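The values are calculated or read from the model by the stated rules, or taken from the named source; none is laboratory data. Predicted model only: the values in this text are computed from it and were never measured. Ideal geometry is used to build each Cβ from the backbone, glycine not excepted, and the neighbour counts take in all protein chains shown. Note: areas computed on protein heavy atoms with side chains; ligands, DNA, RNA excluded. Shrake-Rupley method; radii C 1.70, N 1.55, O 1.52, S 1.80 Å.
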Amino acid sequence: MAQRCAAVAARPDPSRQRRLQGRADLRAAQHSGGRASRRLAGRGPQNKTSVLNKLHIMKEQNRRSFLQFLGRTGLAVSGASLFTSLESCGEPQHNKGYTETGEKIEPKIEFPFKGLAAKTEDQLLLDEGLEYQILAKWQDEISPKDKFGFNNDYTAYIPLQQGPDLQEGLLWVNHEYLDPLFVHGFARKADPKTKTKEAIDQELYEVGGSILHIQKKADGPWTIKQDSDYNRRLNGFTEIPFDWPEAIAGKKVAMGTFGNCAGGVTPWGSILTCEENYQFYYGESDYSQDAEQPKRIASAYGWEHKYPDNLPEHYGWVVEVNIKSGKARKLVALGRCAHECAQVHEASDGRLVVYTGDDKNDEHIYKFISSQPGSLTEGTLYAANTEKGEWLSLNYEEQPILQEHFKDQTEVLIRLREAAKLLGATPLNRPEDIEFDPQTGNVLITLTNNIPKGDYMGQILKIEEDSEDKTGLTFKAEAFLTGGADFGFACPDNMAFDPRGNLWFTSDISGSKIGKAPYTPYGNNSLFVYHQAEDKVIRVASAPKDAELTGPYFTPDGRHLFLSVQHPGETSPSLEELTSHWPEGGDSVPRSAVVVISGPSLDKLMGYNS
């Protein structure tokens, strides 16, 4: 949501025309970091086969390292079928062709969307040729003991079966935060210190994540398999260990995960869920006066008053979740901040490169490069200086200035924001979601806005790494798309590429600012598609009142899009004065929900009706 980041001018992308020439192989690139990268494009069949064999070996190595930590009760059950489905599903069979030089043959497909005008209705409105069904909404039962949590956000779909008669898989859903008004009737301006432990326990349950075993038979709707043992919740009570040799603020295990905003998927099919605005729950620590005994800053929810042993340092991490077993670990090596997402790229030698953004005004972009194949714990974390195009090492042993201000590497990672600023990382305008452009390999990052600096509209930033495998330490950065009247959107947030390589993204105008200047022309928050051939942005969905559309994620064939409708009615003054009644209408309480979008327009875009 911003005019421009502090270091990057909002100028046209000179490589945009190059991106329109040919398409890289997208079959393995979707969602999981582009691991079958554009290195395959333009090579002969023999070279392509050898590269894919190496990729298969690396996947097996990564899967084994993950199972070593989590035990063999999760992915080991059907690991082979998971990787088969991840590799084999994707595009319509009639479109799988290659030239003799190994280039992908793509039929010419007409762009099917007409586009919506800006809307303000209390409905989820879709472009012509699209329809939706509600898969799960707040308080729906997902198992005999669990209910779907509050404010669903990021989604990720891991297929188990993909065929014409049955699609079946596991859906991860983040539950970012809660609204005490709706959860237990707590008045808007009441003092959080007055909450009972029972009320706080209700709040603790509403956050974290849900794992849903879902399926779709032939022409039927998507449904949750209610009798599946996979259906479960992670929440504010779930015990999650820190994957780090030292204790974090006196503990080796944290109680709970929350603030789960966006995330990512590893090459071996585990979920990375990111603890964003952690300071709202147990507060924050101010180290400016005394690093040994930091000052405790109070939280908005007041949880620290009933659970004083849960310290701020236990939160703000990227959490890896085995989607089959529900076991999890907090990845200390990726640092502590308001992580929006974690996007993973697998280099040709099996090492991992993980990009994350810190969603706060004037914070930074980070990149972790593992030192071992498939490792999320061993390696070096870097912060970006986008003015110079450099990745700055946060390795304590390499940086004298870090040694002057911190006692060890653990403290550097806990106080990541301070460390990045000492090194000269560029302050940016709320770095949020990150995706890899499957056509170019470039890294796209949404910079949502920075209102105090006069950046109301935001932009999508492009980072072009100088090294093809993304393990290098120099890059070029420039604006890819800029919010405002020219493109007709404001405040870009979550992104996703469909299997055809089209960029989809959502907007994040604050509920209190929707319909007010300077956002009046943009209506409710929306879902957009970037039409590369015409260099324009098309609105294909409009959210209900106060709501935000988040977490877009495609099935491998591209014919179904999972999407969260989050916080409808968030500006409601009270339960008697509701600003939204979506999705049930009437005088009902608004409920966040995950929907599935499909229809002939999406089929046509994927090449099924062309």
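Once all protein chains are placed together, ARG351 keeps about 60 Å² accessible to a 1.4 angstrom probe.
Given points 7 Å out from each Cα along the Cα-Cβ axis, report the ALA117 to HIS305 separation in nanometres with one decimal. Computed distance between label sites ALA117 and HIS305 equals 4.9 nm. With the whole protein complex present, MET255 retains an accessible surface near 40 Å², based on a 1.4 Å probe. Note on LYS197: aspartates and glutamates with a C-alpha under 14 Å away, same-chain residues under 8 apart excluded, are GLU304. How many lysine pairs in the stretch 315-469, separated by 8 or more positions in sequence or lying on different chains, have Cα atoms less than 27 Å apart? Total qualifying Lys-Lys pairs in the stretch 315-469 comes to 22.
Within straight-line reach of LYS513, meaning a Cα separation under 15 Å, sit the following aspartates and glutamates at least 8 residues removed in sequence or on another chain: ASP455, ASP546, GLU548, GLU570. Computed with every protein chain present, the accessible area of TRP504 is close to 10 Å² [probe 1.4 Å]. Restriction of the GluC sites (Glu not before Pro) in the stretch 196-278 to DSSP coil positions whose beta-carbon has at most 12 other beta-carbons within 10 angstrom yields GLU246. Using the Cβ-Cβ distance between LYS295 and LYS217 with R0 set to 51 Å, the FRET efficiency from 1/(1 + (r/R0)^6) comes to roughly 0.35.
Within the same chain, aspartates and glutamates fewer than 8 places from LYS306 are excluded, and of the rest, those with a Cα less than 20 Å from its Cα are ASP179, ASP191, GLU198, ASP201, GLU203, GLU206, GLU239, GLU284.
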